[in-house]
1. Based on Cβ point charges of +1 for Lys and Arg and -1 for Asp and Glu, what charge dipole magnitude is obtained for the chain about its Cα centre, in debye rounded to the nearest 20?
2. What number, in percent, do you get for the relative contact order of the chain if the mean sequence gap of Cα pairs under 8 Å and at least 6 apart is divided by its residue count?
3. Using Cα centres only, tell me the gap between region 1-45 and region 61-75 in whole Å.
4. Hey, any idea what % of the chain's accessible area is carbon plus sulfur with a 1.4 Å probe?
5. Restricting to DSSP H runs of at least four residues, report the calculated mean residue ellipticity at 222 nm for the chain, -39500 (n - 2.57) per run over all residues, nearest 500 deg cm²/dmol.
6. Counting only GluC sites (Glu not before Pro) that sit in a DSSP loop (anything but H, G, I, E, B) with at most 13 other Cβ atoms within 10 Å, what is the longest stretch of the chain containing none of them?
7. Would you please classify the overall shape of the chain from the alpha carbon gyration tensor, given that a ≥ b ≥ c denote the square roots of the eigenvalues, rounded means a/c under 1.5, and beyond that prolate means a/b larger than b/c while oblate covers the rest?
8. Measuring with a 1.4 Å probe in the full set of protein chains, what accessible area per residue, in whole Å², belongs to the chain?
Amino acid sequence: MKEKIRALLEDLLPLVDLDSDFLFSELDSLGVTTILMTLSTEFGIELESKDATPKNFKTLDSIVNMVEQKLAGKG
């Protein structure tokens, strides 16, 4: 799952360091929106602007966790 998400985001956001411990600070609003829309479409889940929190976007792992929670119906 992590590698699939990494591959998707690397293609869309080539200038963003996905290994950063402060990923949220590297993203502008367009980057955040791109991530939300791409992951919503790819995984058939509903991600909204309220999901774009510093906690959910802190690292690639936290993004993966957010997607897994949505897939499990807990988000």
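The values are calculated or read from the model by the stated rules, or taken from the named source; none is laboratory data. For clarity, every value in this text was computed on a predicted model and none was experimentally measured. Here Cβ is always computed from backbone atoms with ideal geometry, including for glycine, and neighbour counts include all displayed protein chains. Just the protein is used for accessible areas: all its heavy atoms, side chains included, with ligands, DNA and RNA removed. Shrake-Rupley method; radii C 1.70, N 1.55, O 1.52, S 1.80 Å.
1. Once rounded to the nearest 20, the dipole reads 320 debye.
2. 33 percent
3. Centre-to-centre (Cα) distance: 14 Å.
4. That fraction is 52 percent.
5. Working: 4 runs with 42 residues, N = 75.
Per the formula, -16500 deg cm²/dmol.
6. Longest gap between qualifying sites, sites excluded: 1-45.
7. Taking the square roots of the gyration eigenvalues as a ≥ b ≥ c, the chain is rounded.
8. Values: 4610 Å² over 75 residues.
Here the residues of the chain average 62 Å² of exposed surface.
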